[in-house]
Amino acid sequence: MKKEKTEELYVKWVDGLLTPEEESELALLMKQDPSLEPDLHQSRMVSQTIQDSILDSVEPPYGDFFNSQLMRKVELEIASKAPSKKAARWWQSLRWAWAPAGGLALVLAFFAGHRMARPSTSELVDSVSRAQPDLVSVYVTSNQLAASVIADGDGAVSAIAIEGLEDLEDDLELAINTEQKEEGLEGLPVSYLRSRAHQFQ
Amino acid sequence: MNFLRWGTSKMLMAPAEGSAHAGSSDQEVSDHQLIEACQNGETRAFETLVTRHRGKVYAMIQNMIKNEADAWDLSQEVFLKVWKALPKFEARAQFSTWLYRVTHNVVYDWLRKKKLDSSGELEDSLLKPSEIAAGATTTPSSVVRPDEALMNNELGVKIRKALKTLNAEHRETILLREVQGFDYKEIAQIMNCSLGTVMSRLYYARKKLQTLLSDEKGKD
């Protein structure tokens, strides 16, 4: 028999909690070892002595003081929790608005980001849809513009050299208006104009 | 619910003071009714619950650590923890088992703070009377209480001396079984161990006590 099982049998015998099957198992063990029974009897006596000698309940000294001290701590505990509870309630009352507010913020952020990221496109679309006859942007030279004329001796051939011109910007639309006038695009749908604008871009 | 609150409040008006088992109206209210009232924030109900159980908790702690002053403080700690944890307490659980589980944790935390040996076994030298601080006894002993009279009898002294030599786990198992009368399953729950461990601890603790007490007899 396993050691754990025999220990359990001994413990249960001392406590008087053996089942009939366990009793027969223990009887077998007692037959094999004659010293077991007196040993268990002695163990039962010790158990009984402990039960008789040690009290299960002993009032703490100064029982009233014990309670008053404890209740003071409890009151402090309650007081320390009270403000945080109120705060929780305040936040809880606004919880219903968190989701719509968050959603609205997301939509606004999306549109703001979209406008900042592609200003030229929107300008282009606006200009095309309104079919303005003017230039989209104006070209201005820098202050250091200088021009010089180079000519041969008899004046048959001459060249003009210009220095200090700024680079042309990518979104400078010089062709739209002229095209519109030249090709007679006035009155065409905006989508068509937009696709043409993209082509030129 | 309101009826219950009203009922418990009415019944709790009188008995808060007095001994643990004294008030008859106190006993009319079950632990679970009191707990329900506590969960609704009634501190008066909690005081009744404390008065009802403080003796057992104090006795258990005192038998574990053998120092009245610390036992008093630790009992306070136990009940404060109980108050904090009461909102989570489920009615289907046995209150006494839960209370002793809290007591077990508080005592072991205290013992751990007082330095454990490296193997995890609790150092029994902590429990030697010579190691206990001078003046630790807080009770004025001009009048000997009945429980003290019983504790001071010869056999009681021998038993307590023998109990001191056990390690904390064995001592607690013996106290929970022999003194507090918990069954094996409840002891396993309180001590957070298996049923087999409880059986083994009980077996070895009894065996050791038997040997110690027979040695004492031999000396006499």
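Since every read-out is calculated from the coordinates, none of them should be taken as a lab result. Just so you know, these numbers come straight off a predicted model, no measurement behind them. Because the Cβ atoms are built from the backbone with ideal geometry, glycine has one as well, and the counts that use them run over all protein chains shown.
Between residue B:215 and residue A:105, the FRET efficiency from the beta-carbon distance, with R0 = 56 Å, is close to 0.10.
The simple Förster model, with R0 at 45 Å and r as the Cβ-Cβ distance, assigns residue B:40 and residue B:197 a FRET efficiency of 0.70. Charges were assigned to the Cβ only: +1 to each Lys and Arg, -1 to each Asp and Glu. The resulting dipole of segment A:1-103 about its Cα centre is roughly 1400 debye. Within segment B:167-206, find all residues whose amide N lies under 16 Å from a label point positioned 7 Å from the Cα of residue A:5 along Cα-to-beta-carbon. Only B:196 fall inside the zone, counting backbone N under 16 Å.
Other protein chain C-beta atoms within 10 Å of residue C-beta, averaged over B:174-186: 3. Electrostatic bookkeeping for residue B:55 treats Lys and Arg as +1 and Asp and Glu as -1; over the other residues with beta carbon under 9 Å from its beta carbon, the sum is +1.
Label sites at residue A:23 and residue B:204, each approximated as a point 7 angstrom past Cα along Cα to Cβ, lie 3.1 nm apart. Mean per-residue shielding of peptide A:62-70 is 6, counting Cβ atoms of other chains within 10 Å of each Cβ. Applying a threshold of 30 Å to the alpha-carbon distances of A:2/B:158; A:12/B:161; B:84/B:161 flags A:2/B:158; B:84/B:161 as lying beyond it. Peptides B:61-72, A:67-78 ranked from most to least packed, by the mean per-residue count of other Cβ atoms within 10 Å: B:61-72, A:67-78.
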